[in-house]
Amino acid sequence: MTNKSNDVKEASHEQKERITYNARERIELLADEGSFWELGASAHSSVPGMEERTPADGLIGGIIRVDGREAVVQAMDVSVLSGTEGEVHLRKSEFFHSYAKQRRLPLFNLCEGGGLRMPDGMGSDGISDKLFPNCLLDHSRETPVMTAILGESYGGPTWMAVTSDFVTQVRGTGMAVAGPRMLEMASGEHLTAEELGGPDIHAVHTGQIDHIAENENEAIAALRRFFSYMPSSSEETPATNEVVEPASFDNINIEEIVPANLRQPYDMHSLIGVLIDEGSFMDFRSFYGKALITGFARLNGRVTGVVANQPLHMAGAPGPEECDKAGDFICLCDSYHIPLVFLHDTPGFRISSRAEKQKMPSKIMNWNTALAKSTVPKYSIIIRKSIGAAYGNMCGPGMGADVVVAWPQAEINFTGPEVGVNVVYGKHIRNSEDPNKERARYLEQWNFDSSPSKAAGKFLIEDIIEPNQTRSFLIRFLESAYASGSVKSRRRLADWPMSH
């Protein structure tokens, strides 16, 4: 057995040129060399006369090692009746999921299949024993479940994906409740698999996948990389990597990354990149709710979750999608004992009729509830601005952070200066002898009131730190949290639905 890096094993030139792999080849790409032990190879369809046509009944599975860690894998074999799920196929799948849960082993699903097999599932008796198994619905995030959509996937593969901790989908594939042919018969709609449930649909609109892969190699690599941030089960904590000293943060000109002008956009990824261990950031659900960044990183070798506003999109103002994304990510990190870092730069929540139609108040409170129930260490830093209710949702004071600090020029308030002055003093300004001078006077006062020094003076936030202290602050306080040993959450969010 040999360990591999987070990238898949080197394939031959011929393999790299191939578009798809079969089920066993996919397992070999994922697993450490020689580590796959198959179970159920002798299985076949229970329908008389189908024994020879259904090797393994279309599901290849067993135990593997991934970077030396034991895991369970199941891969649908599309060469067997289009990867559809017969009685034996489903019995095997339930076994693999139950075994992973029972023995606290991570589970990898490599999916491509057409859903429930018609002959096996027909009739009241056929469908009665082929509904959702309890192990799929009551997993409680006890072990990481990771799914790759590698071909057209309907029914069962879709249920697996939307109940997983991490999902990657290859471009050109489709994932939906039912396939295009059934859709056409049921509703008259004519759609391709990708139009119905391609990665752009799920990454941008539904948020039901976390990563888009250009090909199968990239999808398998994404599974391995995500797994590298996870513990093998909820009874463990993520592994700490050997620390490699980065370049001194003191030598970085923060103003080249974060403009002093509060209205000037910048890419928050650039700031994250210099705060964390070099090259350690992995975006989570990057195409969905783009005004908020969520992802995994390492700080001094320790796995950390990052939640950060993204000023490049909607000025960093969260909407309904960002709320869902934040809640899901907080649940994931808290369930697997991963500390959270919040980087604020937001003008507040997006206000619009569209947001109201999408239940914005409920989504804001879902995010807050996830924060309130989470018990991992949390560190909150106001970078440039944090306005209104979003200040709380980004783990501001009273929202469960271990420590809240701000950069000296940060702005904290109920609303932005221009909006606030216009709402509160607009009539008085318009009626004054010199409206411009009067507006400037109120803006100056409003900006003073927004300074973090007032909150720090009353110890409503714990400190004001210089920008070049940010990485040192995070590392020091993370180390203090772990000074007495491993830090585990109380896992109060483990049963929170995967997609709410």
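Angle, helix 417-431 long axis vs. longest principal axis of the chain, Cα atoms, 0 to 90°, nearest 10?
With rounding to tens, the tilt is 40 degrees.
Specify the longest stretch of the chain that does not include any exposed loop site, a site being one of the trypsin sites (Lys or Arg not before Pro) with a non-H, G, I, E, B DSSP assignment and at most 15 other Cβ atoms within 10 Å. Could the numbers behind the result be given before it?
Details: sites that count: 18, 53, 103, 104, 171, 263, 359, 458, 488, 490, 492.
Result, exposed sites excluded: 360-457.
Given DSSP loops and a limit of at most 15 other Cβ atoms within 10 Å, what is the longest stretch of the chain that contains no such chymotrypsin sites (Phe, Trp or Tyr not before Pro)?
Values: sites that count: 414, 459, 482.
Between the exposed loop sites, the longest stretch runs 1-413.
Would you please calculate the Kirkwood hydrodynamic radius of the range 251-306 over all C-alpha pairs and express it in Å, rounded to one decimal? Before the final figure, lay out each step's value.
Values: mean 1/r = 0.0808 Å⁻¹.
So the Kirkwood estimate lands at 12.4 Å.
Under the rule a/c < 1.5 gives rounded, and otherwise a/b versus b/c splits prolate from oblate, where does the range 347-500 land using the Cα gyration tensor?
Here the range 347-500 falls in the oblate category.
Over the range 214-337, give the accessible area per residue in Å² for a 1.4 Å probe, as an integer.
Working: 4410 Å² over 124 residues.
For the range 214-337, the per-residue accessible area is 36 Å².
Find out how many positive minus negative residues lie around residue 98, taking Lys and Arg as positive, Asp and Glu as negative, among other residues whose Cβ is under 11 Å from that of residue 98. It would help to have the intermediate numbers written out before the result.
Working: positive: 91, 92, 101, 103; negative: 94, 138.
Charge balance near residue 98 sits at +2.
So, counting K/R as plus one and D/E as minus one, what does the shell of residues with Cβ under 14 Å around residue 41 add up to? Mind dumping the intermediate values first?
Details: positive: 24, 92; negative: 38, 51, 57, 77.
Around residue 41, the charge tally is -2.
With every atom except the alpha carbons ignored, what do you get for Rg and Dmax of the range 283-395, in angstroms?
Values for the range 283-395 (Cα only, Rg and Dmax): 13.0, 44 Å.
Would you work out the Kirkwood radius for the range 190-340? I mean one over the mean of 1/r across all pairs of different Cα atoms, in Å. Can you show the working numbers first?
Values: mean 1/r = 0.0590 Å⁻¹.
Across the range 190-340, the inverse of the average 1/r is 16.9 Å.
Please report the orientation-averaged projected area of the range 432-494, defined via the convex hull of its C-alpha atoms, in nm².
On the way: hull surface 34.2 nm².
Approximately 8.6 nm², given one-decimal rounding.
Tell me, in nm to one decimal, what length is gained between residue 465 and residue 103 on full extension, where the rule is 0.36 nm per residue of separation less the Cα-Cα distance? It would help to have the intermediate numbers written out before the result.
Working: separation 362, 0.36 × 362 = 130.32 nm, distance 4.56 nm.
Between residue 465 and residue 103, full extension yields an extra 125.8 nm.
Assuming a viscosity of 1.002 mPa s and a temperature of 20 °C, what translational diffusion coefficient in µm² per second does Stokes-Einstein assign to the range 183-235, Rh being the Kirkwood radius over Cα pairs? Mind showing how you got there, number by number?
Working: Rh = 13.5 Å.
Reported coefficient: 159 µm²/s.
Roughly speaking, what is the stretch gain from residue 189 to residue 240, that is 0.36 nm per residue apart minus the C-alpha to C-alpha distance, in nm to one decimal?
Numbers: separation 51, 0.36 × 51 = 18.36 nm, distance 5.05 nm.
Full extension from residue 189 to residue 240 adds 13.3 nm.
At q = 0.06 Å⁻¹, what log₁₀ I(q)/I(0) does the chain have when each alpha carbon counts as one equal point scatterer in the Debye sum?
Here log10 of I(q) over I(0) equals -0.32.
Can you give the Rg/Rh ratio of the range 164-266, where Rg is from the C-alpha atoms and Rh is the Kirkwood radius? Each step should come with its number before you reach the end.
On the way: Rg = 21.0 Å, Rh = 17.8 Å.
Over the Cα atoms of the range 164-266, Rg/Rh equals 1.17.
Does anyone have the angle between helix 216-228 and the longest principal axis of the chain? Alpha-carbon axes, 0 to 90°, nearest 10?
On a 0 to 90 degree scale, this one is about 60.
Quick one: angle between helix 435-449 and the longest Cα principal axis of the chain, in degrees between 0 and 90, rounded to 10, please.
60
Lys and Arg at +1, Asp and Glu at -1: add these up for the other residues within a Cβ distance under 12 Å of residue 271 and post the number.
On the way: positive: 384, 471; negative: 255, 256, 267, 345.
Neighbourhood net charge equals -2.
What is the list of residues in the range 335-365 whose amide nitrogen lies under 15 Å from a point 7 angstrom out from the Cα of residue 269, following Cα to Cβ?
None, by backbone N distance to the label point.
Exposed loop GluC sites (Glu not before Pro) only (DSSP loop, at most 16 other Cβ atoms within 10 Å): please give the longest stretch of the chain free of them, not including the sites.
Values: sites that count: 10, 33, 51, 52, 189, 214, 235, 236, 242, 278, 433.
Of all site-free stretches, the longest is 279-432.
Could you derive backbone 3J(HN,Hα) for the range 366-382 from the dihedral phi with the Karplus parameters 6.51, -1.76 and 1.60 (θ = phi - 60°), listing whole Hz in sequence and x where the residue is Gly or Pro?
The phi angles translate into 4, 4, 4, 5, 4, 4, 5, 8, 6, 10, 6, x, 9, 10, 10, 10, 8 Hz.
So if I average 1/r over every pair of distinct C-alpha atoms in the range 101-241 and take the inverse, what Kirkwood radius in Å does that give? Walk me through the intermediate numbers first.
Details: mean 1/r = 0.0620 Å⁻¹.
Final number for the Kirkwood radius of the range 101-241 is 16.1 Å.
Give the calculated FRET efficiency between residue 356 and residue 433 to the nearest 0.05, with a Förster radius of 41 Å applied to their Cβ-Cβ distance. Let's see the in-between values first.
Details: r = 40 Å, r/R0 = 0.98.
FRET efficiency, residue 356 to residue 433: 0.55.
The values are calculated or read from the model by the stated rules, or taken from the named source; none is laboratory data. Bear in mind the structure is a predicted one, so any value in this text is a computation, not a measurement. Neighbour counts run over all protein chains shown; Cβ positions are idealised from the backbone, glycine included. Side chains are part of the model used for accessible areas, which takes the heavy atoms of the whole protein and leaves out ligands, DNA and RNA. Shrake-Rupley method; radii C 1.70, N 1.55, O 1.52, S 1.80 Å.
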